[in-house]
1. Do the sum for the chain: with -39,500 (n - 2.57) for every DSSP H run of n ≥ 4, divided by all residues, what is the mean residue ellipticity at 222 nm, to the nearest 500 deg cm²/dmol?
2. Quick one: what are the phi-derived ³J(HN,Hα) couplings along segment 9-21, Karplus 6.51/-1.76/1.60 with θ = phi - 60°, whole Hz, x for glycine and proline?
3. If you build the convex hull over the alpha carbons only and average its shadow over all orientations, what do you get for the chain? Give it in nm² to one decimal.
4. From the phi of every residue in segment 38-47, what ³J(HN,Hα) in whole Hz does the Karplus formula 6.51 cos²θ - 1.76 cosθ + 1.60 yield, where θ is phi - 60° and glycine or proline is x?
5. What translational diffusion coefficient, in µm²/s and rounded to a whole number, does the Stokes-Einstein relation yield for segment 5-48 at 10 °C and a viscosity of 1.306 mPa s, taking the hydrodynamic radius as the Kirkwood radius over Cα pairs?
Amino acid sequence: MSKDAKNRRQLVAKVVEVLPRSLFRVRTEDERDVLCHVALPVRNTIGRVLEGDRVTVELSEYDPKRGRIIEHRPSSPR
């Protein structure tokens, strides 16, 4: 893992909207909306991302309103 990967900001978020072209609008725990795509290394491990799923998001250092989904978190039992 490079030095840059350790310095990136990671947040837990909930998928609010599934958009075309493999984009997702997620809302972080601090009520911020972020436009995300699924990171390539985890695209094969995440089967499908649906509205309401909890995910871990890595924010872009250049545009904090964009990011990528790096982990699909298990949802709480209903």
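Bear in mind these aren't lab numbers, they're just calculated from the coordinates by the rules spelled out. Computed from a prediction, not measured in an experiment: that's the story for all the values here.
1. On the way: 2 runs with 9 residues, N = 78.
Calculated from helices alone, the mean residue ellipticity at 222 nm is -2000 deg cm²/dmol.
2. Rounded to whole hertz, the list is 7, 10, 9, 8, 9, 10, 6, 9, 8, 9, 10, x, 6.
3. Dividing the Cα hull surface by four gives the mean projection, 5.7 nm².
4. 7, 5, 4, x, 9, 4, 6, 7, 8, x
5. 137 µm²/s
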